[in-house]
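Here's the structure we're looking at; comments come further down.
The values are calculated or read from the model by the stated rules, or taken from the named source; none is laboratory data. Predicted model, so just to flag it, every value in this text is computed and none were measured. Cβ atoms come from the backbone with ideal geometry, glycine included; neighbour counts cover every protein chain shown. SASA here: full protein model, heavy atoms, side chains in, ligands and nucleic acids out. Shrake-Rupley method; radii C 1.70, N 1.55, O 1.52, S 1.80 Å.
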Amino acid sequence: MAFKESTTISHQPAEVFTALVDEAFNRKVTEGLGGALVAFERQGELTGPVSVTMVRSVPVNRLPDAVQKFAGKFLGDKLSLEQQETWSAPAADGSRTGQLVVTVAAAKTTATAEQLLLPTEGGSEVRVTGAVECRIPLVGSKLAQAAEPKVGKVLGRQAREVAAWLEQ
């Protein structure tokens, strides 16, 4: 099972991208989900390719029930997630492609996604498609299936929160 999310934002791709790779924005989104942004590093200029690495601490009770049951028994109250994003330089129309990898080492879980930031007549569209893999024997596939919808929703929510952030 994979996830797929899409949302439109009434701002141009350059504005949306600036928010998506902004430390303060990512801190706000993470805290809105009950977590903490532990580390953040951005490399590259906004006019070219950009990579972002961040570490988030997320409370286990905000994860899907199946994941909570496993994680609560073995991993404690919080999980550390490392997120790496690699974005292309903007195309002539302002669009960008991003590759995303979220790793939860303690749970032997990795989410990978492709993010597309596309111009539209009224602003931008953000599309996210990806999958989750869990390498825990016997229960890994069940945990991945339970986590995929949540990961997709979190990424979709992040994109939707860009509009509110840009309206400030």
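Data overview
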| read-out | value |
| --- | --- |
| Residue (of Thr53, Thr8, Gly35) at the positive-pole extreme of region 1-65, dipole from beta-carbon charges | Gly35 |
| Percent carbon-and-sulfur accessible area, region 1-54, ignoring ligands, DNA and RNA, probe 1.4 Å | 50 |
| Estimated FRET transfer efficiency when R0 is 25 angstrom, pair Arg27-Asp93 (beta carbons, to 0.05) | 0.25 |
